[in-house]
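A short reminder: the numbers here are calculations on the coordinates, not readings from a lab. The shown structure was predicted, so the numbers you read here are calculated from the model rather than taken from an experiment. Cβ coordinates were reconstructed from backbone atoms using ideal geometry, including for glycine residues, and neighbour counts include every protein chain displayed.
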Amino acid sequence: MINELVEEQLQICIQKTRRNADALDASFPRFPHVAHHRGWDTSGDEEWKQLVNGYWTGGFWIGMLWLCHHLTGDDYFKDNARRWLQKLSPRAGARLIHDVGFLFYPSAALPFALTREKDLQITAKRAAYTMLRLFDKGRGCIPIQDTEEHKDVLAIDTMMNLPLLWWAGASADMAEAHDIARRHTEATARCLVRADGSTAHIARLDPQGKVVRLESWQGEAPETCWSRGHAWALAGAAHGLFFTGDAFYDKLLRTLWHFFEKNSPEDGVPHWDYSDSGGERDASAAAIIAHSLLLLSTSSQEREWAEPGLRLLQNLAEHYAHGVEHPGLLKKVCFHKPAGIDVDCSCMFADFYYMLALCLCVPDFRKQIRKLK
Ligand code: GLY
């Protein structure tokens, strides 16, 4: 059953990605970020002007093109992936911002494991250096940016930028990367993970790393749990365990998983914030978690995670996947509820993690992806 569903959904992923790539040609290099009913919205009002340089989501589009190339062997996808990556790659060594992990893990590090093309490794390493330079020794973490306004901000989102560092430490000969990723995770566990396993979004830290105050930018309130933030943390812990096998990440993963399981609706697709049980769902949170558990389950000691990963993926495929006519793959993604922006849409990062989760059900892909480390 699940195999047929996976096969059918992967065919749809490939078909839509080709159609999207054709359609986006006219507005190249505006990166697709959000889709409503008429197509990927690349119009870029004040809010989305970063779309031109890829915002924090441009790497997911490139990642989807690489996945399609891997599945089909069709150079159409590879040529497109390279063309878009050429536009994004200057950002790997530019501003010190945690988003380089979101940008270059899917677009360069992960495709390097699939293609072994050296320039992808070079780009991903450059981005990893940028992230290492952002590490603040006093605060013991990677802040979201090095600017005056943001250098004290520890965000839960950063956990899913860390896979770039674990990849760099494991396969790109950057010895210090695992240590920095571990120290950042320790700071996250200390400042943002609560005793009940829920997570806060933002901690403002003093120069010694003590919490000055908690905030929430995308969740309901400082004391609540924003579901996508929680998914970033859980997926980050799963990647830490996948790349290092360290029991520290195992413990954190189980703590975060326990909260997720206990507080999510039966289908595993949480409301945008766990405090709002009548509010919008966020399918991206489930896709982020599903793919990370399926990746983890490729390690022989971690097979137990395959079952919950597959369960989540099956629910997404059966109840949250758009029909072929819509440009996006997953519906019911809540991008930014407090700002009232795109609270029920398709988002490129959700589509990427959904497609990656589907790929992680394919035996050959599961074998190949072990080359990440
Ligand atoms: N910055 C990551 C997110 O909005 O989920």
Straight-line reach from Lys87: which lysines have a Cα under 24 Å away, not including same-chain ones fewer than 8 places off?
-> Lys16, Lys49, Lys78, Lys118, Lys125
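Helix-only mean residue ellipticity at 222 nm, the chain, DSSP H runs n ≥ 4 weighted -39,500 (n - 2.57), per residue, nearest 500. What is it?
Working: 14 runs with 187 residues, N = 373.
Only helices count here, giving -16000 deg cm²/dmol.
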Just add up the charged neighbours of Arg213: K/R +1, D/E -1, any other residue whose Cβ is under 12 Å from the Cβ of Arg213.
-> -2
In the neighborhood of Ala168, defined by Cβ-to-Cβ distances under 14 Å, what is the net charge if each Lys or Arg adds +1 and each Asp or Glu adds -1?
-> +2
Would you mind telling me which residue in Pro327, Pro207, Pro111 has the biggest mean-square fluctuation in a Gaussian network model of the chain, where springs connect alpha carbons within a distance under 10 angstrom?
-> Pro207
Arrange the following residues from fewest to most other Cβ atoms within 10 Å of their Cβ: Arg311, Arg370.
-> Arg370, Arg311
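If you rank Arg183, Arg91 by fewest surrounding Cβ atoms within 10 Å, what's the result?
Numbers: Arg183 17, Arg91 21.
Fewest-to-most Cβ neighbours within 10 Å comes out as Arg183, Arg91.
Compute the longest continuous run of the chain that contains no exposed GluC sites (Glu not before Pro); treat a site as exposed when its DSSP state is not H, G, I, E or B and it has at most 11 other Cβ atoms within 10 Å. Mind dumping the intermediate values first?
Working: sites that count: Glu148, Glu149, Glu266, Glu325.
Free of exposed loop sites, the longest segment is 1-147.
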From fewest to most C-beta neighbours within 10 Å, the residues Leu51, Leu5, Leu110, Leu164 line up as Leu5, Leu51, Leu110, Leu164
DSSP H helices in the chain with Cα extent of 15 Å or more along the helix axis and mean Kyte-Doolittle hydropathy at least 0.5?
-> 58-72, 283-296, 348-359
Rounded to the nearest 0.05, what FRET efficiency do His336 and Lys367 have when you use their Cβ-Cβ distance and R0 = 30 Å?
-> 0.20
